[in-house]
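Written below as C-alpha cells is the structure these notes are about.
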Amino acid sequence: MTRISNDPADFADEALAGFCDLHAGYVRQVPGGAVRRRRPAHPKVAVLVGGGSGHYPAFAGLIGAGFADGAVVGNIFTSPSTQQAVTVARAAESGAGVVFTYGNYAGDVMNFGLASERLAAEGIRAENVLVTDDIASAPASEAERRRGIAGDFVVFKAMGAAAEAGLDLDEVVRLGRKANDRTRTLGAVFSGCTFPGADAPLFALPEGHMGLGLGIHGEPGLRDVPLPSAAELGKALVEGVLAEAPADARDEGADGLARIAVILNGLGSTKHEELFVLWAAVAPLLREAGYEIVAPEVGELVTSLDMAGVSLTVTWLDEELEQLWLAPAETPAFRRGSLTVAESGEGADDDGTPAAAGEAPPSSEASRGYAAACVEALGAASARLGELEVHLGAMDAVAGDGDHGRGMVRGAGAAVAAALEALDGGRGAGSVLAAAGDAWADRAGGTSGVLWGAGLRAWGEAIGDLEVPDAAGVAAGVTAFASRIAALGGAQPGDKTLVDALVPFEAELRGGVVRGAGLGEAWEEACRAAEEAAAATAELTPRKGRARPLAEKSVGTPDPGATSLAAVFTALGPAIVSAARQGVSA
C-alpha cells in the first residue's frame, strides 16, 4: 500500500519535486518533468523518455549521461500532456533534434505525437519511438498493438547510448526501433497496487493464484492461474519469451552461442531475495537453450507503484546492440562503467515555458456574457465529476489502471480555473472554451485528457468570440467537439470508448434542433441517449485503449469514458441552455 502522502492528488508532483531536490547534481525540474542539470557542450540528440508516474526508476530516474536527456512525467499511470512534452523538449533540445520514446499506449501516442507536430512547427525536428515488448497483450501478427512494459528500459538504454556517442537523429531512431523489434517481455502479478489515498488495491486475485500477462499501470493479468513454484514460474516465463524469438535469434557469436540481454524486473513489492530465487531458475534455462547472457539486470527497473509482480525481458543482441547495451551510463537510478561527457554548464534559465499570452482577441459584450455561462457550466461539470470520482475509478480498475476518475477531476478543475482566468482577461466565449480545453489536456493528461482538451478547443473555435450561439450554433459546437475527438482518437461506435456515448448525443442534439425542438428539449433527449448508450457499453468488449488486452474482464462493466461523458453533458446542460435562450449570460 502507498501510505506516505499529503493530498493524494498532489502525490506525483510532490514525488517529482522531492526526486529533483535529492538528485540536483543530475537533474533540474522544468514544467512537465525534468532534464539533465548540465547541457552538452556540442549539439546532440535529446532522448526524452516519458509516461505516467508510478514506475520509478522509470522515467526520471534514468536521466543522465549515457541514458536520457529528460523525462516527461504525467500523473500516476496517466500520459503526460502535449504541453508537458513540448516544454520538456524545449528545455532539453540542444540543436540536433529530439526523440520521444515511450510505451505504446493511446494517450502517450496522441500527446507525444501532437507535441512532435508543435515542435516541428517551431523548427525543432522531433521523432517518436514506441516500445511494444509485451507479448501477452497481442499476438505476434499484431505486434504493433502490443503495449510497452519493462522492455522500455532496453530501448531507452540503446537510444541514450547512441545519442551520447554522437550519432544523428535518424541513427538514434533506427537503433531504438531495432532494439524494440528484438525485445520481448512476459510478466506475472501476485497482488494489485494501491493508489495514494486509496484504502484497497485496484484488484484482488483469488487465493493461491497469480495473474499471467501483467501490465505496468495497475492492470490485472490477462488470465489467473494457480500460483506455481519458483522453478515452474521461471519455466513458464522463459518458454513464453523464447517462443517469440526473432527469426535470426540463433545467429551465434564467436563462442558459438547467441547473445542476449536479460532483465528480471520487480514491479514494486517483490523483494530482491525473491528475484534472486527466480533468477536461479531462469538463468540455467536460458543457458540450456543455447544463449549467453550479457550483463543481466535483476531488480526494480520499471515498477507499478507497490504491485507485487515480476517480468522477464529478453533482447536478442547483435554487435551494435550489444555495444549500446554495455555502454557506460550514470543516472540517479542506474550506473554502468564510467564515462567523461563534455558539458557546457547548467541549463539556461529558459525552462521551455511558452511566452505569456498576448492581448485578448476582439470579443463582443454578448459573447463575454455567454462566456460566463460557459464557466458556470464547466463548474457544474467539475462538481459532478468530483461526486463520481471514486465510482469512475472503480469502473476503470476492472480492466484498466483505475485513474479515469482522478484524471477527469483534475482536468475539469483545471479547465474551470483557466476559463475563469480567460473570462477575467476579457476574452469571449470561444477563447474561454479554448483555454479550458488546453488546461484540461495539460492537467488531466492521458487519452481522455487530450480528447476532452481538443474537443473543447474545437467547440470554442466553432462559436467564436463575437456571437452568442442559438440552438443551431450550440449544436454546431457539439458537432465540432465530436468531430475533433473522432479524428484524433480514431475510435468508432462499438469500440467501448467515450465515442459510444458521444455519437448518439451529438446525433440526437443535432437532429432535435433540425426538427425544430427547443434546445432544452433536444439537450435532454441527447443526454438520455448518451446515458443509455453508456450503460449499453457494459455488453461490449473494448477494441481500443488500455482495457483492450483485458477485454473479457471488462464485459459486464460500462465504459468509464462513456459514463463520464454522459454525466458531463448532463451537468453542462442547464447553463448552456439557459444562456442560449436568453442570448446572454444566465
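The values are calculated or read from the model by the stated rules, or taken from the named source; none is laboratory data. These numbers were taken from a predicted model, which means no experiment stands behind them. Virtual Cβ from ideal backbone geometry, glycine too; neighbours counted across all protein chains shown.
Please work out if L339 is more than 26 Å from the chain's Cα centre (by Cα), buried (at least 21 other Cβ atoms within 10 Å of the Cβ) and over 26 Å from G52 (Cβ atoms).
Numbers: more than 26 Å from the chain's Cα centre (by Cα): yes; buried (at least 21 other Cβ atoms within 10 Å of the Cβ): no; over 26 Å from G52 (Cβ atoms): yes.
It is false that L339 is more than 26 Å from the chain's Cα centre (by Cα), buried (at least 21 other Cβ atoms within 10 Å of the Cβ) and over 26 Å from G52 (Cβ atoms).
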Subset of the stretch 512-529 (residues that are without any contact (Cβ under 8 Å) to a residue 40 or more places away in the chain and part of a loop (DSSP other than H, G, I, E, B)): R515, G516, A517
Residue list for the stretch 170-206, filter: in a strand (DSSP E or B) and β-branched (V, I, T): T183, T185, V189
Of all residues making up the stretch 135-160, the number that are touching a residue at least 60 places away in the same chain (Cβ under 8 Å) and of a type in the set (S, T, Y): 1
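When you look at E539, is it of a type outside the set (A, V, I, L, M), at pLDDT below 95 and in the same structural domain as A377 (by TED's automatic domain parsing), yes or no? Outline the logic, then answer.
Numbers: of a type outside the set (A, V, I, L, M): yes; at pLDDT below 95: yes; in the same structural domain as A377 (by TED's automatic domain parsing): yes.
So E539 passes the test.
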The stretch 16-45: number of residues that are within 23 Å of D442 (Cβ to Cβ) and either touching a strand residue (DSSP E or B) at 6+ places or on another chain (Cβ under 6 Å) or assigned to a strand (DSSP E or B) (or both): 10
A308 in a strand (DSSP E or B) and in contact with a Cys (Cβ under 9 Å, 6 or more places away or on another chain): yes
Residue within the stretch 163-177 that is farther than 25 Å from R37 by Cα, surrounded by fewer than 24 Cβ atoms within 10 Å (Cβ to Cβ) and at pLDDT below 95 present: no
Set D224, D199: member being charged (D, E, K, R) and surrounded by 14 or more Cβ atoms within 10 Å (Cβ to Cβ): D224
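Can you tell me which of L488, L498 is closer than 15 Å to A530 by Cα and under 23 Å from the mean Cα position of the chain (by Cα)?
On the way: L488 fails: closer than 15 Å to A530 by Cα.
Result: L498 is the single residue among L488, L498 that is closer than 15 Å to A530 by Cα and under 23 Å from the mean Cα position of the chain (by Cα).
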Any pair with Cβ under 9 angstrom, 6 or more apart, that starts in the stretch 182-197 at a residue that is assigned by TED's automatic domain parsing to the domain that holds V238 and at positive phi and ends at one that is assigned to a strand (DSSP E or B) and modelled with pLDDT under 95: none
Test: residue in the stretch 95-116 that is out of contact with any strand residue (DSSP E or B) (no Cβ under 6 Å at 6 or more places or on another chain), in the same structural domain as L169 (by TED's automatic domain parsing) and free of Cβ contacts under 8 Å to residues at least 24 places away in the same chain: yes
